Amino acid sequence: MFRWVHIAVGLNLTARSLYVVNDDAVTKINLKIDYSKIGVGNKLEVRAGGRFVLGQRLYTPDGGFHILETLDGEIADYRLYDSFLMPNDIKEIMDCRDPPTLRKPIVSLNEDIFEKVGGVELQKVYLDTICSEHTTEFYLFFSEKRNFPDSVSWCRKIKGEIILPQSPELNEKLYHQFLPYREKCQDIWTHLFWLGFNGDLATGTWRNLRDRRPIEWFNFLSQYKTVTNESQCAATVSHDPYKWASCPCGIEVCTLCNFTIHPELRLRGPCKISLLDRTFSFRENDKYDLVFDGVWHTMIMFENNNWVIKSRLYEEITGTMILKRKGEYPVGVHEWKISGDRCTQEKTKFLLTSCNKDQYTCNDGSCIPKDARCDLSVHCIDESDEIDCSVVELPPGYSQRIPPPSVQAEPLPVYISFNVTSIKKFDLSSFSIGIDMLITLMWEDRRLKYKNIRENYRENLVGAQSSVWIPRFKYRDGTLSAAKLDVHSQAIYVKRLTEPMPDDDTTILEDRLYSGQGNTLILEQELTLNFKCYFHLQMYPFDRQVCFMEFILYELTKNLGVLMKDGDGITFTGKRKLLEYKLLSEEYRIYTRDSVSRVRILMEFQNLYGYYIGNTFTPTLMLVVICYSCLLFDVNDFEDRIMVSLTALLVLATFFSQVSQTIPRTAYLKLIDVWFLALITEVFAVIISLVLIEVLRLRNLSSTVVKVAPLNKEKTSKWVTVRSSWLSDPKKLNKALIIFYPVSLFLLLFIFGSVSTYNLFISTWEDH
């Protein structure tokens, strides 16, 4: 807007071509000529007596008028020549230099031949303005009194800065221009308008607001030129021509804003079919007032003590701003009464903002970075940046009871993962396990839209969790019964994976909107799960236990939703070694049964049997060895042999009783039970053997010598020792038992261990 455009159209009848020049862009069009309609000599001519229309399409030879095709703008130079101009001549004219050989135009805007019809205004425009590519500085004066910070803020809301004269000529010009406003601007102070610098207490210098450099030119009153704690701002005074004076920043005077560009402002809030302009700007005028001019036809101006909207194209469109206080400007969010527009709402809120598209506009019109919107920190003075900060935008008719629609008849994928943080309970006696875990679910809901979501998904917390659909599960344990669940915390986040949607200027909120398609919802549940597990203790304490949990997506059949593995599926971040068991591994399985998707988590535990080796197996084995060593005593020392073996049996029985009280009771024999039974049997057999040996020894003492006499009476008789077998000889029997008992102990342990292993295999196979 407010940029002069140079356009030239040239018709070269000789070359049969048409040239269109738009600033530096040149387009050549070769004309197609119907030579059958050309007269003698194939001469092309432009016949007089026709109509030449600018800014309208001629649908019929008679012409016509269509208001929507009216040229809405300003014309500073208009010429019509009766000959074709060469490109060099056109270039010089566009550069505001008329070639010396240029003929006089047959029609020129400078000639008084045009009749003004309708809303046409005549203004003077300088030649250097038309041909300059840079915007000339201009000023707007605001007679509402403001303190210095408010004046700085107001000028920046409309992309300007407080004026800072840098030459005596400009300083004198501004003084004379705005001195008539002194009655409105001054109070007990004679200050006229603020100046664009303030004081630096550390250095005692006056510094520019833009770059904080010391000002180069100034014109202070001698007694009011020092930076002090009380006077850190400065203004032009009215009682002494062209002079400046330091003053407190809290006093209120007028504001003079300086502009080096024509700012672009955007109007947000009208519906899609509205006829109002969406882009506005403003420029200098004779009254130095703020008038917003739309890019096509809409104007926002101050009339009859109120801000109004008018249209040059649609006279029926009118609008009036609802003022809440005197001195309000339409910049920011305001309520308007609109009539004559295509939108049906009579009262609506509009946002007129000069902020860039990567900025967010506060309700008062000030600009903040867009990332500062809804970051739990107030950046707007009116705190409007932290209002309506819901992450999720629900469409009309949304129901949290209905699952998201499927895509191309495919079931909704729900990604699930588990993070087991600790195993807080492992109770063999009650066959129960308690674990702390974090369950993470991810899915898409195409019906939703998300606002201002950030790259770190933990910053995108969904406040009203009950307002969106979430997957629901049934929890089953190894007994296929319901597990006890204690939810400690639950949070829903939005993970940003796509770029924002195109901006929607029908809403006054400049939020970044993201589609529900491509961006995922994340549900994180921190909970404690207590469940039952069938423990197979046949090999206890050298056992391994496999326990599992099932998570059933019961609300969705496999046609509507399926569970999918997210990442590794399951991770364990706690301590694997428990008091008695160690977690060896965890497994993640997804399957479908009864048309419902399920996840099974299997956890394998191994018994930490080192305690039993050191406190049970080794001592009891030593007792058996001690008992076995009785066989190495003298066969005649029965008393010591029997006392040692009986003591070993009593201690072994005590061990068995104490261990039985600390381990689970089962109807079947465990490996540790087999161990004790084998050892007790071994010791019992040793004791029985010692008794048997002693009985044989005592019996042999009375019957080991026999008298042998020959049948021939002539020879004398003699005593002969009879050699008995090892079954009747206690020493031989003792030697045989020294070999037998180690072998028998090994055989007993092997047999019982084999039976226990077989029972464990059978029970495990039946479970799976």
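For this structure, a couple of remarks:
- Each residue in the range 574-599 was checked for being farther than 28 Å from residue 662 by Cβ and either of a type in the set (Ser, Thr, Tyr) or surrounded by fewer than 16 Cβ atoms within 10 Å (Cβ to Cβ) (or both), and 10 pass.
- For the range 285-341, a residue qualifies if it is over 25 Å from residue 155 (Cβ atoms), among the basic types (Lys, Arg) and in a loop (DSSP other than H, G, I, E, B), and exactly one does: 312.
- Among the residues of the range 145-177, the ones that are over 14 Å from residue 235 (Cα atoms) and within 44 Å of the chain's Cα centre (by Cα) come to 10 in all.
- Qualifying residues in the range 512-549 (those that are touching a helix residue (DSSP H, G or I) at 6+ places or on another chain (Cβ under 8 Å) and part of a strand (DSSP E or B)) - the one nearest to residue 457 (Cα to Cα): 522
- In the range 583-606 there is no residue that is out of contact with any helix residue (DSSP H, G or I) (no Cβ under 7 Å at 6 or more places or on another chain), farther than 18 Å from residue 549 by Cβ and hydrophobic (A, V, I, L, M, F, W, C).
- For residue 597, the conditions (1) within 30 Å of residue 474 (Cα to Cα); (2) in a helix (DSSP H, G or I) are fulfilled apart from (2).
- Any hit, the range 201-211, residues being closer than 17 Å to residue 247 by Cβ, buried (at least 16 other Cβ atoms within 10 Å of the Cβ) and free of Cβ contacts under 8 Å to residues at least 24 places away in the same chain: yes
- Candidates 669, 679, 690, filtered to the one that is touching a residue at least 24 places away in the same chain (Cβ under 8 Å) and outside any helix (DSSP H, G or I): 669
- Note on the range 458-506: among residues that are basic (Lys, Arg) and within 25 Å of the chain's Cα centre (by Cα), the one that is surrounded by the most Cβ atoms within 10 Å (Cβ to Cβ) is 496.
- Options 461, 485; residue that is under 25 Å from residue 391 (Cα atoms) and touching a Phe, Trp or Tyr at 6+ places or on another chain (Cβ under 7 Å): 461
- Any chance residue 407 is of a type in the set (A, V, I, L, M), exposed (fewer than 14 other Cβ atoms within 10 Å of the Cβ) and either under 15 Å from residue 444 (Cβ atoms) or touching a strand residue (DSSP E or B) at 6+ places or on another chain (Cβ under 7 Å) (or both): yes
- Pairing each residue of the range 313-325 that is over 17 Å from residue 340 (Cβ atoms) with any residue that is assigned to a loop (DSSP other than H, G, I, E, B), provided the two are 6+ apart or on different chains, yields C-beta distances under 9 Å for 323/305.
- Condition met for residue 676 (in contact with a helix residue (DSSP H, G or I) (Cβ under 7 Å, 6 or more places away or on another chain) and crowded, with 18+ Cβ neighbours inside 10 Å): yes
- The set of residues in the range 103-151 that are part of a helix (DSSP H, G or I) and under 30 Å from residue 366 (Cβ atoms) comprises 148, 149, 150, 151.
- Candidate set: the range 256-281, residues that are in contact with a Leu (Cβ under 6 Å, 6 or more places away or on another chain) and of a type in the set (A, V, I, L, M, F, W, C); chosen: the one farthest from residue 341 (Cα to Cα): 257
Table: residues versus (1) touching a strand residue (DSSP E or B) at 6+ places or on another chain (Cβ under 7 Å); (2) modelled with pLDDT of 75 or more; (3) of a type outside the set (Val, Ile, Thr); (4) farther than 22 Å from residue 7 by Cα.
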position	(1), (2), (3), (4)
48	no, no, yes, yes
65	no, no, yes, yes
69	no, no, yes, no
99	no, yes, yes, no
120	no, yes, no, no
126	no, yes, yes, no
137	yes, yes, yes, yes
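- Scope the range 511-548; condition over 30 Å from residue 453 (Cα atoms) and either of a type in the set (S, T, N, Q) or under 31 Å from the mean Cα position of the chain (by Cα) (or both); matching residues: 528, 529, 530, 538, 545
- The single residue among 181, 242 that is part of a loop (DSSP other than H, G, I, E, B), of a type in the set (Ser, Thr, Tyr) and surrounded by fewer than 21 Cβ atoms within 10 Å (Cβ to Cβ) turns out to be 242.
- Residue check, residue 125 β-branched (Val, Ile, Thr) and either closer than 30 Å to residue 176 by Cβ or not assigned by TED's automatic domain parsing to the domain that holds residue 52 (or both): yes
- Single match in 249, 254 (criterion: part of a loop (DSSP other than H, G, I, E, B), more than 30 Å from residue 314 (Cβ to Cβ) and not small (Gly, Ala, Ser)): 249
- Whichever residue in the range 1-14 is at pLDDT 85 or above and exposed (fewer than 13 other Cβ atoms within 10 Å of the Cβ) and, among such residues, is nearest to residue 131 (Cα to Cα): 5
- Residue in the range 648-668 that is of a type outside the set (Asp, Glu), over 60 Å from the mean Cα position of the chain (by Cα), surrounded by fewer than 12 Cβ atoms within 10 Å (Cβ to Cβ) and closer than 30 Å to residue 431 by Cβ present: yes
- Of the residues 383, 335, the single one that is at pLDDT 90 or above, in contact with a strand residue (DSSP E or B) (Cβ under 9 Å, 6 or more places away or on another chain) and not hydrophobic (A, V, I, L, M, F, W, C) is 335.
- Pair list, Cβ < 9 Å and 6+ apart or interchain, from the range 282-298 residues that are in the same structural domain as residue 174 (by TED's automatic domain parsing) and under 14 Å from residue 178 (Cβ atoms) to residues that are hydrophobic (A, V, I, L, M, F, W, C) and surrounded by 14 or more Cβ atoms within 10 Å (Cβ to Cβ): none
- If the condition is being among the charged types (D, E, K, R) and in a strand (DSSP E or B), then the range 189-239 contributes 200, 207.
The values are calculated or read from the model by the stated rules, or taken from the named source; none is laboratory data. Predicted model only: the values in this text are computed from it and were never measured. Here the Cβ is made from the backbone with ideal geometry for all residues, glycine too, and neighbour counts use every protein chain on show.
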